[in-house]
Structures are given as structure tokens and as C-alpha cells.
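Q: My structure is below; once you've seen it, I'll send some questions.
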Amino acid sequence: MSFNKGDRKRVKILVIGGTGPTGPAIVNGLVSRGHDVTILHSGKHELDTLPDLSVVPHIHANAFDEDSFKEAISGQEYDVVFAMYGRLRSISKILKGRTDHLISIGGVPVYAGFSDPEQDVWPRGVRIPAREDSTLAGDEAAIKIRKICETEETVFQYHPTATHLRYPYIYGPNQILPMEWSLVRRALDGRKHLILADGGLSITTSAFAGNAAHSVLLCLDHADSSRGEIFNVGDDRQLDVYMTAQVVAEELGHEWEILSFPHELARPGYPLLQHHSPSHRLSDTSKIRERLNYRDLFDPVVSLRETVRWQKDNLVGNSDSIEKILQDPFDYRAEDELIDLHRKFATSCQGVRFESEPGFGFGYYGPRENPAGARGSYRD
């Protein structure tokens, strides 16, 4: 079997998964390109956004069970397989010799320092931005992270010409982990104050589901350039937590006072970070831009607004399980108590007098008047 970018033939494709946040866009994209597509999934989630069964047949099997998956594809070969779901190590082994091009989905936590900035990495923390060839997590990493790294190795062991994508946090309709719900619910509840760790300035790479799907499809469109390669995935434009909070509030017609707490005190803001530290976790996506000509199909701000609307329409009154996953108790009484203590502490700190007030240095380019009230701005 062979498949090259210039081929005009109808390509036989298996999509493992296809019902997640990026799946329907990928499946529909493949169908619109004229390919012969089959999807394999558990059968628990059938979506009306997928093509009709007469166009895209479904195989129902457990992609996490080696025997179930092996039996499901018995006697079949595919030009291309998109592995988006299931136990990728087993899938890679079973598909050896059965496909010419495996396109697999993994994650960005493989980078050294990503899961734990205190790992044996110097300077401390994950590389910013993390390139595909950056140092990966070693033996000191958590078992879960080591397994992700080992899975990548297994993919290329059985499929040297595979294409592997490192997915970041995915947002959009039907998202698996709607982190923005911590903001959306507070806005809908009319909360006037929002606690953010370190001003909400932390950035963790994310991708709108439509943009992530576009990245995956480019690996097939530019198969010659994608074979044997690993690509980071992410929107061209990234928003920090503070920016995200602003977009959520505006979309819901809400206003709140955003309060910046030191990370170690900002416990209500932890679900928005998804990490135990506020370190940036930013992926370098220049490779997929240069090799596969990736550009955002969907504007991240517009897409975030769409995500907010979807959460409002689908999660209100149906969010108990999601809130357990987010580990956000929405305990407003405790938040108010914390805010009161923080304000008292901040007032006390303002009472500390310096012999000479610290300034921002002669490189200051802020408001006309130096907000610190100190001498030494470039205008002096």
C-alpha cells in the first residue's frame, strides 16, 4: 500500500474514535476529500454531526482492549489509520503491516518539567516554548507521564513513517474537560469577585477543536512532509487565564472585579490552571506551521465565545460530574472569607515604608505617571 499527497485515488481510512470534540470535524473533512472512511468506537456515543451510516460505517469495539480491537479489524488493511482513542501502544502493535500511514494523537505532558517544574531541569520549569525536540520527561517523572513517552516510542517502533501529534488542552463544544466552566458558572451565578492565581497571567497552550482537527487533516493533505514526524498542536494565538476570564464575562454580559492572589493563596483559582504551579506551559507550533502550512481556521476569541455559549446551553443544571472532575467546589462563602483576609493583609503591606520607594527602573514605559510614585522613569 502507498499513499502520497498527489494521489487522486479514493483512500481507505480507519478512524479510531471519531466521536470526541475533534472527531466529527476530522471525519467530515475526510469524507469531503472523497475518501472511503470507517470509524471504530465503543458505540456509547453516536453523534448527529457525523455522516450517515451509509456514508461512514461504524465498527463497535473496545479500543482499550487488545483482543476486542484485533477481532474488530480482523482481515482488514487500511491505507491510513487515524488513532485518536484507545490504548495506542496495543493499537500500534496490532496495526503493524496493516496500514501504510498511522496518524496518532498523544499529548504535550511529555516535556521535561511539564508535569513538575521541580524536576531535574535547569533552569527550573518546562522549556518556553517547548519544541518537538525539547528534552522529554525522564525516569523522575510520574508514571502516567512516562507511559505517554513510552507510547510515542512504541508508535515509531512499529510504524517508522507514522505521524504523531501532541494535543494540548482542547476547548469547544463537546469538550472532555470544560475548564472554562469555573468561569462560566461564576458569571451565571452573578459572582462579583474572581480570584486568579498571580493575576491570571499563566499560559498553557490550548487549541479550539476545529483548529486541532485542521491540524490532523493537514497530516494527510501533506503526507510526504508529515511522515515520520512529531508535531505540536495549538492555536496561533494563545490566551492567558486573565484574558479568558475577560472573554467569558463579556460574552455573558457580566462584570467582575478580578483579584490577583499569590499562587499559594489562590486556592479557588487552581481549577483554571490544571497544574500545581503557575509556570507557563507553552508549546512551540512553528514546525507544523512551516512543514504543513498550518494557520488557524477559527479565531480563538470567537471560538472561545462559542465554547462559552455551548457550556451555558448544555451544562447548566447538568454539571455535577464535571465539577467533580474540575475539583471546583464553588464555595462562595469560603471565597469571600479569603478575599476579606487578603484585603486586610494587602492594607497592612501598604503600611510598610521604604527609605526610598522602589521604582520600575529607567526602562519604564507605562502610564504617564510612574504608578509606584518613584523617581527614575525615562521621563525624569
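The values are calculated or read from the model by the stated rules, or taken from the named source; none is laboratory data. Computed from a predicted model, the values in this text were never measured in an experiment. Methodologically, a virtual Cβ is constructed for each residue, glycine included, from the backbone with ideal geometry; neighbour enumeration extends over all protein chains shown. Note: areas computed on protein heavy atoms with side chains; ligands, DNA, RNA excluded. Shrake-Rupley method; radii C 1.70, N 1.55, O 1.52, S 1.80 Å.
Residue-wise test of (1) surrounded by 15 or more Cβ atoms within 10 Å (Cβ to Cβ); (2) within 20 Å of residue 14 (Cβ to Cβ).
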{"position": "57", "(1), (2)": "no, yes"}
{"position": "63", "(1), (2)": "yes, yes"}
{"position": "73", "(1), (2)": "yes, yes"}
{"position": "84", "(1), (2)": "yes, yes"}
{"position": "105", "(1), (2)": "yes, yes"}
{"position": "109", "(1), (2)": "yes, no"}
{"position": "123", "(1), (2)": "no, no"}
{"position": "140", "(1), (2)": "no, no"}
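Q: Only one of 337, 306 is in contact (Cβ under 8 Å) with a residue 60 or more places away in the chain and in a helix (DSSP H, G or I). Can you tell me which?
A: 306
Q: Which condition number does residue 242 fail, the rest of (1) touching a Gly at 6+ places or on another chain (Cβ under 8 Å); (2) under 20 Å from residue 173 (Cα atoms) being met?
A: With respect to (1) touching a Gly at 6+ places or on another chain (Cβ under 8 Å); (2) under 20 Å from residue 173 (Cα atoms), residue 242 is out only on (2).
Q: In the range 112-121, how many are open to solvent by 40 Å² or more (accessible area, probe 1.4 Å) and modelled with pLDDT of 80 or more?
A: Result for the range 112-121: 1.
Q: Determine whether residue 211 is surrounded by 23 or more Cβ atoms within 10 Å (Cβ to Cβ) and in contact (Cβ under 8 Å) with a residue 12 or more places away in the chain.
A: Here the answer is yes, as residue 211 does meet what is asked.
Q: Got at least one residue in the range 108-115 being hydrophobic (A, V, I, L, M, F, W, C) and not in a loop (DSSP other than H, G, I, E, B)?
A: Yes, the range 108-115 has at least one match.
Q: Looking at the range 253-262, which of its residues are of a type outside the set (Gly, Ala, Ser) and surrounded by fewer than 18 Cβ atoms within 10 Å (Cβ to Cβ)?
A: Listed by number, the residues that qualify are 255, 256, 257, 258, 262.
Q: Could you tell me whether any residue of the range 216-234 is within 15 Å of residue 294 (Cα to Cα), of a type outside the set (Lys, Arg), touching a Pro at 6+ places or on another chain (Cβ under 9 Å) and open to solvent by 30 Å² or more (accessible area, probe 1.4 Å)?
A: no
Q: Report, by residue number, each residue of the range 104-161 that is touching a Phe, Trp or Tyr at 6+ places or on another chain (Cβ under 8 Å) and either among the basic types (Lys, Arg) or on the phi > 0 side of the Ramachandran plot (or both).
A: 127
Q: Can we say residue 203 is within 13 Å of the chain's Cα centre (by Cα) and either open to solvent by 20 Å² or more (accessible area, probe 1.4 Å) or touching a residue at least 60 places away in the same chain (Cβ under 8 Å) (or both)?
A: yes
Q: Next question. If I filter the range 1-19 down to residues being among the small types (Gly, Ala, Ser) and open to solvent by 30 Å² or more (accessible area, probe 1.4 Å), which single residue comes out as modelled with the highest pLDDT?
A: Of everything passing the filter in the range 1-19, 6 is modelled with the highest pLDDT.
Q: Report, by residue number, each residue of the range 132-149 that is assigned to a loop (DSSP other than H, G, I, E, B) and without any contact (Cβ under 8 Å) to a residue 12 or more places away in the chain.
A: Hits for the range 132-149 are 133, 139.
Q: Assess whether residue 292 counts as being under 30 Å from residue 162 (Cα atoms) and either out of contact with any helix residue (DSSP H, G or I) (no Cβ under 9 Å at 6 or more places or on another chain) or in contact (Cβ under 8 Å) with a residue 40 or more places away in the chain (or both).
A: So residue 292 fits the description; yes.
Q: Separate question: Report, by residue number, each residue of the range 136-164 that is closer than 19 Å to residue 234 by Cα and either more than 17 Å from the chain's Cα centre (by Cα) or among the hydroxyl-bearing types (Ser, Thr, Tyr) (or both).
A: Hits for the range 136-164 are 136, 152, 163.
Q: Right, here's the next one. Give the residue, chosen from 333, 309, that is among the basic types (Lys, Arg), closer than 27 Å to residue 203 by Cβ and modelled with pLDDT of 95 or more.
A: 309
Q: Another one. Output the number of residues of the range 183-209 satisfying the condition of being part of a helix (DSSP H, G or I) and at negative phi.
A: Summing the residues that are part of a helix (DSSP H, G or I) and at negative phi in the range 183-209 gives 7.
Q: Return the residues of the range 145-182 that are under 29 Å from residue 244 (Cα atoms), surrounded by fewer than 19 Cβ atoms within 10 Å (Cβ to Cβ) and out of contact with any Pro (no Cβ under 8 Å at 6 or more places or on another chain); say none if nothing qualifies.
A: 169, 177
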